[in-house]
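Input: a single structure, listed below in structure tokens.
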Amino acid sequence: MTRPDRALRQGLNRRAGQIASLRAFLGERGVIEVHTPLITASGITEVHIDSLRLADGRFLRTSPEYHHKQLLADGAGDLFELGPVFRAGEHGPLHREQFLMLEWYRLGWSWRELAAEVVELITALVGARPLRWLAWRELAVQALGFDPLTEPQALARILDPAPPGLDPGQQLDWLFSLRMQPTLVGRQTVIVHDFPACQAALAKIRPGPPDLAERFEVFVDGVELANGYQELTDPIEQRRRFEADNARREQLELSPMPIDDALLAALERGLPECAGVALGVDRLLMLADGRTRLDEIGAEPGRSEQAGSP
């Protein structure tokens, strides 16, 4: 009979306690936990996210978002889910093909209110950090010395090392990931908000000029932890975005993805005004444990030497 490994047990207990504290944080605020399917018929149309396809043509979910919005449209009220999601080709110190996501929605809230709650939750696990609210364009000027949304000539010059064939949204995403995000270093929490409209994803757009997406991302000590929106409720606009994604996929010689008609039907029934956010739990626990790589945490077999305290 195998004797219990003390370090492994300590690591498992710590992780279980951390997960329980996340559930308690939201439960105490009246947010109800739900469990939605891991297997979906539609996958996701976004070009920069690859779904894992099963042999029968269905997909492992990249997020529970579409199912959550169906529940919200049916009157479920504030809800959350903590569970696994899957994304093909995600490998690296801060990436995995399978990881834990905490996603929750607040009816009648603004994205700013939800962003503040995200910071409260993060602080409960990793401790307080100096907090900055930073508009995307402010960050661009600080990191690059110009505003890419109003100075296209300067943008073209700085894009020289970027891969060819990127559309405007992908160009700005490349710029953000490789030139802007690396400046968010040091012991701090930063809420980056008001993204360019071409990076709206499933967020509402606030008319400009320039038009801006009501979207935010939360970074702690330089690590991206959360991505949230003032949720798009217009089924016509949502269908247009799905179709635009698939048109771009065809340009890139990628397979178009099935459009989620159940989500569109939910929007047609009436998605309540709400804000929603997805948070990477593994990254959060990594920071809480004082680690810098995802492969230093977890409870997979063979990791007993990494499961103890740092």
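Among the residues of region 72-114, which ones are within 24 Å of Val47 (Cβ to Cβ) and assigned to a loop (DSSP other than H, G, I, E, B)? Spell out how you get there, then give the answer.
Step one: list which residues in region 72-114 are within 24 Å of Val47 (Cβ to Cβ), which gives 84-99, 101, 103, 111.
Residues satisfying the conditions are Arg87, Ala88, Gly89, Glu90, His91, Pro93, Leu94, Arg96, Glu97.
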| Within the set of pairs 6 or more residues apart or between chains, which connect a residue that is basic (Lys, Arg) inside region 58-85 to a residue that is open to solvent by less than 40 Å² (accessible area, probe 1.4 Å) with Cβ atoms less than 7 Å apart? | Arg58/Thr40; Arg61/Thr40; Arg61/Val85; Arg61/Phe86; Lys69/Leu263; Lys69/Ala266; Lys69/Leu271
| remark: Wholly inside region 117-182, helices (runs of 4 or more DSSP H) that include 1 or more residues that are β-branched (Val, Ile, Thr) and open to solvent by less than 80 Å² (accessible area, probe 1.4 Å) are 136-144, 152-158
| note | Inside region 34-47, the number of residues satisfying the requirement of being loosely packed, with under 14 Cβ neighbours inside 10 Å and either touching a residue at least 60 places away in the same chain (Cβ under 8 Å) or polar (S, T, N, Q) (or both) is 1
| said: The conditions are (1) touching a strand residue (DSSP E or B) at 6+ places or on another chain (Cβ under 8 Å); (2) modelled with pLDDT under 95; (3) polar (S, T, N, Q), and Ser63 fails exactly one of them. Which is it? | reply: (2)
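Taking the criterion of being among the β-branched types (Val, Ile, Thr), part of a loop (DSSP other than H, G, I, E, B) and either at positive phi or touching a Pro at 6+ places or on another chain (Cβ under 7 Å) (or both), would at least one residue in region 44-64 satisfy it?
no
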| request: Would you confirm whether any residue within region 20-27 is part of a loop (DSSP other than H, G, I, E, B), charged (D, E, K, R), touching a strand residue (DSSP E or B) at 6+ places or on another chain (Cβ under 8 Å) and modelled with pLDDT of 95 or more? | output: no
| query | Would you call Ala213 open to solvent by less than 40 Å² (accessible area, probe 1.4 Å), touching a residue at least 40 places away in the same chain (Cβ under 8 Å) and within 20 Å of Ala278 (Cβ to Cβ)? | reply | no
| request: Note down all Cβ pairs under 6 Å where the first residue falls in region 282-294 and is touching a residue at least 24 places away in the same chain (Cβ under 8 Å) and open to solvent by 10 Å² or more (accessible area, probe 1.4 Å), the second is part of a helix (DSSP H, G or I) and not charged (D, E, K, R), and they're at least six residues apart or on different chains. | output: Leu287/Val126; Ala288/Leu125; Ala288/Val126
| Count - residues of region 98-111 that are open to solvent by 50 Å² or more (accessible area, probe 1.4 Å) and either without any contact (Cβ under 8 Å) to a residue 60 or more places away in the chain or within 16 Å of the chain's Cα centre (by Cα) (or both) | 1
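Is at least one residue of region 220-231 in a helix (DSSP H, G or I), out of contact with any Phe, Trp or Tyr (no Cβ under 6 Å at 6 or more places or on another chain) and of a type outside the set (A, V, I, L, M)?
Step one: filter region 220-231 for residues in a helix (DSSP H, G or I), giving none.
So far as region 220-231 goes, no, none of its residues is in a helix (DSSP H, G or I), out of contact with any Phe, Trp or Tyr (no Cβ under 6 Å at 6 or more places or on another chain) and of a type outside the set (A, V, I, L, M).
Being in a loop (DSSP other than H, G, I, E, B), closer than 27 Å to Ala200 by Cβ and within 20 Å of the chain's Cα centre (by Cα) is the filter here, so list the residues in region 28-43 that pass it.
If we filter region 28-43 for residues that are in a loop (DSSP other than H, G, I, E, B), which is where we start, we get 28-31, 34-38, 41-43.
Keeping just the survivors that are closer than 27 Å to Ala200 by Cβ gives 31, 34, 36-38, 41-43.
Listed by number, the residues that qualify are Val31, Val34, Thr36, Pro37, Leu38, Ser42, Gly43.
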| said: Looking at Gly89 and the list (1) open to solvent by 20 Å² or more (accessible area, probe 1.4 Å); (2) modelled with pLDDT of 95 or more; (3) farther than 20 Å from Asp260 by Cα, which single condition is not satisfied? | reply: (2)
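For Val31, indicate whether it is touching a Ser or Thr at 6+ places or on another chain (Cβ under 9 Å) and open to solvent by less than 30 Å² (accessible area, probe 1.4 Å). Quick ask: steps written out before the conclusion?
Values: touching a Ser or Thr at 6+ places or on another chain (Cβ under 9 Å): no; open to solvent by less than 30 Å² (accessible area, probe 1.4 Å): yes.
Against the criterion (touching a Ser or Thr at 6+ places or on another chain (Cβ under 9 Å) and open to solvent by less than 30 Å² (accessible area, probe 1.4 Å)), Val31 does not qualify.
The values are calculated or read from the model by the stated rules, or taken from the named source; none is laboratory data. All of these numbers come straight from a predicted model, not from anything done at the bench. With ideal geometry, Cβ positions are generated from the backbone for all residues, glycine too; neighbour counts draw on all protein chains shown. The area values use the complete protein model at the heavy-atom level, side chains included, leaving out ligands, DNA and RNA. Shrake-Rupley method; radii C 1.70, N 1.55, O 1.52, S 1.80 Å.
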